[in-house]
Amino acid sequence: MDNEGESLELHAENPGKISVEPSVDIDDSDDLELVYTPGVAEPCREISEDKSRAYDYTSKGNMVAVVSDGSAVLGLGDIGPEAAMPVMEGKSNLMKKFGNVDGFPICLESETAGDIVEHVQSLEPTFGAVNLEDIKAPRCFRVERTLKNSMDIPVFHDDQHGTAIVVSAALQNALDVADKQLQDVRIAISGAGASGIAVAEFLLELGAENIVPVDSSGILRVDDSNKFKSDLAEKTLASHESGGLDDAMEDADVFIGLSAPGIVSEEMVRSMSDDAIVFALANPEPEILPDKAKDAGAYITATGRSDFDNQVNNSLAFPGIFRGALDADVSRISEEMKAAASEAIRDFVEPERDRIVPETLDQSLALEIADRVREAAEESNT
């Protein structure tokens with residue numbers, strides 16, 4: 001398939017992958033009087049007396065703002081808010097398709113974390129939740145932290161938490177197939193942006209003990225000027241190891257790539273342990289193609305793409321997570337809810353080498369995740 005040509009053709013023929021459609025028909029003047037003036041004044045009065053009634057009388061309770069500044073889009077980098085729109089539209093389409101959630105893309109011309117925070121805070125009257133997307137680190141950390149502390153609706157940075165949820169589920173299934181234990185394996189993580197740091201932190205919480213995080217300069221350093229990187233270095237093998245990606249991958253059981261295309265060689269894969277697991281998740285081009293990784297000895301491979309086996313992609317998680325969070329009527333997405341989502345993905349399949357995660361197009365997955373997330377919210381009183 002000519003993905004590039006067909007994708008451009010699809011987007012040109014269907015400008016925007018989403019549309020707004022009425023949920024109430026207007027067939028006569030009586031309908032018009034209820035949908036608009038004068039009847040619409042009644043819910044307005046009710047909401048003015050009690051703002052929470054917006055969830056009863058408007059679409060707020062099913063709407064998610066999908067927000068980006070275009071500063072870290074896929075593996076394309078800082079390409080701007082206009083160029084980020086196709087991704088945000090696609091994400092909104094998936095929310096509707098799999099979670100029946102009304103996602104709405106909002107791409108901001110913003111230069112600072114403060115700009116984004118101010119814009120998003122002003123959206124709270126309209127939306128039931130916020131999905132932050134493709135905002136570069138460390139800006140994204142400051143934005144999410146400030147918004148979570150200042151808003152009464154869930155704020156979820158999918159590049160961090162969605163990635164961590166899906167990667168952890170896939171990795172635990174892959175380790176089961178390879179007959180290895182999370183606490184025993186050496187894990188090289190390439191990429192120390194939002195997703196790489198979040199994945200490392202999540203795996204540490206799950207019991208991983210031998211993580212080696214790497215950025216474009218090599219294994220992270222405890223004296224890095226970036227506090228998020230130095231903090232992660234302190235918690236991992238980077239506290240007493242140095243070198244480049246090749247050093248991190250030597251004798252590693254697992255490689256998780258959340259970085260840049262083509263940076264992993266077959267020689268690097270050959271240096272890994274027996275039955276190595278290679279997750280080359282850079283999009284749209286992976287760190288190493290699956291066939292090359294397998295030729296070099298990888299036992300299990302995964303990418304973020306749908307045209308290879310084992311697509312480890314956030315699209316497995318976020319429709320169900322937002323469906324569950326909205327149904328639970330929570331003000332934040334807790335650690336327990338994230339763990340429940342990961343477990344739902346992990347439990348959904350009987351893992352095999354070429355099937356460590358469910359198919360993205362399996363619509364029942366989002367419903368299962370939503371149920372688990374909602375139950376976790378209720379149990380933890382989030």
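Quick notes on this structure:
- Scanning the stretch 124-148 for residues that are out of contact with any helix residue (DSSP H, G or I) (no Cβ under 9 Å at 6 or more places or on another chain) and within 16 Å of residue 111 (Cβ to Cβ) yields a count of 0.
- Flag if residue 205 is exposed (fewer than 15 other Cβ atoms within 10 Å of the Cβ), more than 24 Å from residue 293 (Cα to Cα) and in the same structural domain as residue 270 (by TED's automatic domain parsing): yes
- Of all residue pairs spaced 6 or more apart or on separate chains, those with beta-carbon atoms under 8 Å, a first member in the stretch 359-382 that is closer than 25 Å to residue 309 by Cβ and touching a residue at least 24 places away in the same chain (Cβ under 8 Å) and a second member that is in a loop (DSSP other than H, G, I, E, B) and hydroxyl-bearing (Ser, Thr, Tyr) are 360/306.
- Verdict on residue 317 being surrounded by 20 or more Cβ atoms within 10 Å (Cβ to Cβ), under 22 Å from residue 164 (Cβ atoms) and either touching a Pro at 6+ places or on another chain (Cβ under 9 Å) or not assigned by TED's automatic domain parsing to the domain that holds residue 188 (or both): no
- Qualifying helices (runs of 4 or more DSSP H) (wholly inside the stretch 309-382; at least 3 residues being modelled with pLDDT under 95): 363-380
- Residue match in the stretch 108-126 (condition: at pLDDT 95 or above and under 17 Å from the mean Cα position of the chain (by Cα)): no
Condition check ((1) of a type outside the set (Ser, Thr, Tyr); (2) within 21 Å of residue 361 (Cα to Cα)) across all residues:
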| site | (1), (2) |
| --- | --- |
| 87 | yes, yes |
| 108 | yes, no |
| 138 | yes, no |
| 141 | yes, no |
| 147 | yes, no |
| 150 | no, no |
| 170 | yes, yes |
| 173 | yes, yes |
| 178 | yes, no |
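- Scanning the stretch 183-221 for residues that are part of a strand (DSSP E or B), closer than 13 Å to residue 257 by Cα and not β-branched (Val, Ile, Thr) returns 188, 190, 213, 215.
- Condition met for residue 262 (touching a Gly at 6+ places or on another chain (Cβ under 6 Å) and modelled with pLDDT of 95 or more): no
- Residues that are of a type in the set (D, E, K, R) and surrounded by fewer than 21 Cβ atoms within 10 Å (Cβ to Cβ) were ranked within the stretch 325-345; the one that is farthest from residue 172 (Cα to Cα) is 329.
- Here residue 98 fulfils each of the conditions (1) surrounded by 18 or more Cβ atoms within 10 Å (Cβ to Cβ); (2) of a type outside the set (Val, Ile, Thr); (3) touching a strand residue (DSSP E or B) at 6+ places or on another chain (Cβ under 8 Å) apart from (3).
The values are calculated or read from the model by the stated rules, or taken from the named source; none is laboratory data. Source: prediction; values computed, not measured. Cβ: placed from backbone, ideal geometry, glycine included. Neighbour counts: every protein chain shown.
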